[in-house]
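Let me begin by presenting the structure, written as structure tokens, before commenting on it.
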Amino acid sequence: MEIGIDSFAASPNGFEDNAKAIQELLERIALADQVGIDAFGIGEHYRKEFLDSAPTTILAAAAARTKNIKLTSAVTVLSTSDPVRVFQNFSTIDLISNGRAEIVTGRGSFTDSFPLFGYNLNDYDAIFSEKLELLLINRDNEIVNWSGLFRPPLREQAIYPRPIQKKLPIWLGVGGTAASFTRAGKLGLPLMVAVIGGQTHKFAPLVELYRKTGEEAGFSHEELIVGLHSFGYVANTREEAIDAFYPRYAEVIASMNKERGWVAPSREQFEAQADEKGAIVIGSPDEVAEKIIRHSKALGGISRFNFQMDVGLSHEQMKKSIELIGKEVVPLLNSK
């Protein structure tokens, strides 16, 4: 099983602090590479509290500083991006990194980019379907002929540069809708499941739907890869991990909840999410490794687990967690 870290590049206040935050993020990616973590993903958001509105720029900078780690999105908001530019940007990252780029594409959890780039939310699903089709065509064909509703057609158009990898990995990032799992299965795309609350095992029927749909579409079990993205944090002990993570997590969720009408979680509710079946993966290295294995078994086997720990923790706290993940959690998982 591969282990990854995802970041939304949380932003402090002030221009100078933002510049420092980007440098610290790049330092954490380099550290993750050094301690043997398999992948690092950068999200895509268009709001003040995040610095990831140009994720491919961050990934390109990281590519020049690292040697082995896979560099991916988490998630590329394809609905409001041009599939040609997305492919070109990640192909360029693949060249800089010598074949380590990946794309996790999806519709995202926010809709800020729709008004920003002039798209209509009424086209939410149709536009994503069309753009995903074109992205896959770009990946698989050097010369493209294509037409659709939301972008000018392409006629005998060459798409360059081409990546080092023969087939640039493109995952489909999904939440909790059956249609998204079915789409990934029909296309035979690796599936990245974002479970940010509730109990992970409850997603098992949707993952099974993905695998069944994919096999019916002619894809092998080995091609139908499943990854899991969840909030997570590792410290020396469970108590230390919760004491550090919960206050920042509660602040982030409370901020998001204001616009969605939810209620911020109490510590008791948080700890319930961090129990054996809860989605949050937090604790000592031993506890975290065991929980990842339980989640994998509950979903019929996963190929990658991604930690989302960037909720306002300090740079030093995240560095320490990354070290524990690379030096202790990964070896524990490899030994089981």
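Where a number appears in this text, it was derived from the coordinates with a stated rule and is not lab data. It should be emphasised that the depicted structure is a prediction, and the values quoted were computed from it without experimental measurement. As a convention, Cβ positions derive from the backbone with ideal geometry for all residues, glycine included, and neighbour counts pool all protein chains shown.
Helix 315-324 versus the longest principal axis of the chain: what angle, 0 to 90°, nearest 10, using Cα atoms?
It works out to around 90 degrees.
For the chain, find the longest principal axis of its Cα atoms and tell me its angle to the long axis of helix 238-260, 0 to 90°, nearest 10.
In the chain, helix 238-260 runs at an angle near 50 degrees to the longest axis.
Amide H to amide H, which residues 5 or more places from ILE5 or on other chains are under 5 Å from it, using H placed in the peptide plane?
HN-HN under 5 Å from ILE5: ALA39, PHE40, GLY41, PHE307.
If the cut-off is 30 Å between C-alpha atoms, which lysines fall inside it for LYS166, apart from same-chain ones fewer than 8 positions away?
LYS166 reaches LYS67, LYS70, LYS131, LYS186, LYS212.
Could you sort 117-124, 61-68 so that the peptide with the highest average Cβ count within 10 Å comes first and the rest follow in order?
Highest-to-lowest ranking by the protection proxy: 61-68, 117-124.
Work out the FRET efficiency for GLU240 and GLU290 from their Cβ-Cβ distance, taking R0 = 22 Å, and round it to the nearest 0.05.
Between GLU240 and GLU290 the formula returns 0.80.
Using a cut-off of 20 Å between alpha-carbon atoms, which lysines can reach LYS277, once sequence neighbours fewer than 8 places away in the same chain are excluded?
List returned: LYS202, LYS291, LYS297, LYS336.
Taking the alpha-carbon distance from LYS20 and a cut-off under 18 Å, which lysines remain once sequence neighbours fewer than 8 residues away in the same chain are dropped?
Within reach: LYS48, LYS319.
Quick one: angle between helix 178-187 and the longest Cα principal axis of the chain, in degrees between 0 and 90, rounded to 10, please.
Its long axis makes an angle of about 50 degrees.
Using DSSP to call loops (not H, G, I, E or B), can you name the GluC sites (Glu not before Pro) in the range 1-108 whose Cβ has at most 16 other Cβ atoms within 10 angstrom?
Hits after loop and neighbour filter: GLU49.
About the Cα centre of the range 2-335, what is the dipole size in debye to 20, counting +1 per Lys and Arg Cβ and -1 per Asp and Glu Cβ, all else neutral?
600 debye
Is it possible to state the helix-based mean residue ellipticity at 222 nm for the chain, with each DSSP H run of 4+ residues giving -39500 (n - 2.57), the sum divided by total residues, to the nearest 500 deg cm²/dmol? What is it?
Taking each H run of at least 4 residues, the total per residue is -14000 deg cm²/dmol.
With a 10 Å radius around each residue's Cβ, average the other Cβ atoms per peptide and rank 216-226, 135-145, 184-194, highest first.
In descending order of packing, they fall as 184-194, 135-145, 216-226.
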